[in-house]
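Taking it in order: structure first as structure tokens, then the write-up.
Only the coordinates and a few stated rules stand behind these numbers; no lab work does. Everything numeric in this text was worked out from a predicted model, so none of it was measured. Quick reminder, even Gly has a Cβ in these numbers, built from the backbone with ideal geometry, and neighbours come from all protein chains shown.
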């Protein structure tokens, strides 16, 4: 456990976690108003990255360094519990992964709850993927974090159901995959999670899919992944969504999917956002690079 990680956990536990705990769960729009802008500033892409706004089948997207790389395309779905966050808040992480792996970046601004609840997010993600396939895009890597990680896996399940050309692989960070909230870690890690208060997870779930907890397009832990491409997942021993990743890995293994789950010790939720200043983030993104290079070579 690095010194940088100890310092980060200290500030997250005493800063961000109490703030999120006190946010009124009845007004996610207010949360969006004061949280998204600081995140966009803190995680803005490094100087030199080219970010272009666009639309694909009516869905807002960001094209990131699209003319710089040609190994494939990273289709990224941002986190934020389906109620906040945007392609802009995760721009720095997407640009960094693209630089590491030689990929174009395409980040989706899917519609958010409660204004646009389930299935708006999966509909938007699927529409973008359909357009990518229709335009001849090859070597697509699906990726996402937290809610976006769950959305990426739900998108994969829908792609397999519809018999569309498969992505080359999937990478998800701290995925939220079980909207029934049945994982033991929601209780056992309540005091150790440095970011997420369980009550806010439940509130976000109720905004997003109040009547569809077990729908596999909302909770991919219940989906069928026969003939899935390889999947790489990351989770932490201390986060409340640990069992979402563990349960997802078991589901994938049951379908004979090539799945790898890396569980890190005492890292915060989606610690990859802190790459460049956190050794554990750089290590996990190095593993991501190795995974993407392997599946693209095959």
Note to self: Just want to confirm a number: the relative contact order over the stretch 3-297, from Cα pairs under 8 angstrom separated by 6+ residues, in percent.
What the structure shows: 18
Item checked: Debye log10 I(q)/I(0) for the stretch 89-231, one point scatterer per Cα, at q = 0.10, 0.14, 0.17, 0.21 Å⁻¹ -> -0.35, -0.69, -1.00, -1.42
Notebook entry, point to check: If you stretched the chain out fully between residue 253 and residue 11, how much longer would it get, using 0.36 nm times the residue separation minus the C-alpha to C-alpha distance?
Noted result: 83.5 nm
Check: Restricting the count to DSSP beta bridges whose residues both fall in the stretch 3-297, what percent are antiparallel, rounded to a multiple of 5?
Finding: 30
Check: What is the distance, in nm, between label points placed 7 Å from the Cα along the Cα-to-Cβ direction at residue 277 and at residue 37?
Finding: 2.0
Notebook entry, point to check: So, how do all the Cα-to-Cα distances of the stretch 3-297 break down into 10 Å bins, in percent, from 0 on up?
Noted result: 7, 31, 40, 20, 2
Note to self: Using only DSSP helix segments of four residues or longer, with each worth -39500 (n - 2.57), what per-residue ellipticity at 222 nm results for the chain after dividing by its residue count and rounding to 500?
What the structure shows: -12000 deg cm²/dmol
Next item on the list: Compute the label zone of residue 44 within the stretch 255-291: residues whose backbone N is under 14 Å from the point 7 Å along Cα-to-Cβ.
Entry: none
Next item on the list: Could you list the residues of the stretch 162-194 with an amide nitrogen less than 12 Å from a label point located 7 Å from the Cα of residue 57 in the Cα-to-C-beta direction?
Entry: 162, 164-165
Margin query: Mean-square fluctuation check for the chain, GNM, Cα pairs under 10 Å: which of 134, 168, 81 is largest?
Written below: 134
Notebook entry, point to check: Does a label point 7 Å from the Cα of residue 130, set along Cα-to-beta-carbon, have any residues of the stretch 58-75 with amide nitrogen under 18 Å, and which are they?
Noted result: 58-61
Next item on the list: Report the calculated FRET efficiency for residue 29 and residue 211 (r = Cβ-Cβ distance, R0 = 30 Å), to the nearest 0.05.
Entry: 0.90
Check: What is the distance, in nm, between label points placed 7 Å from the Cα along the Cα-to-Cβ direction at residue 71 and at residue 227?
Finding: 2.8
Next item on the list: With springs only between Cα atoms under 10 Å apart, run a GNM on the chain and tell me which of 202, 92, 111 wobbles the most.
Entry: 202
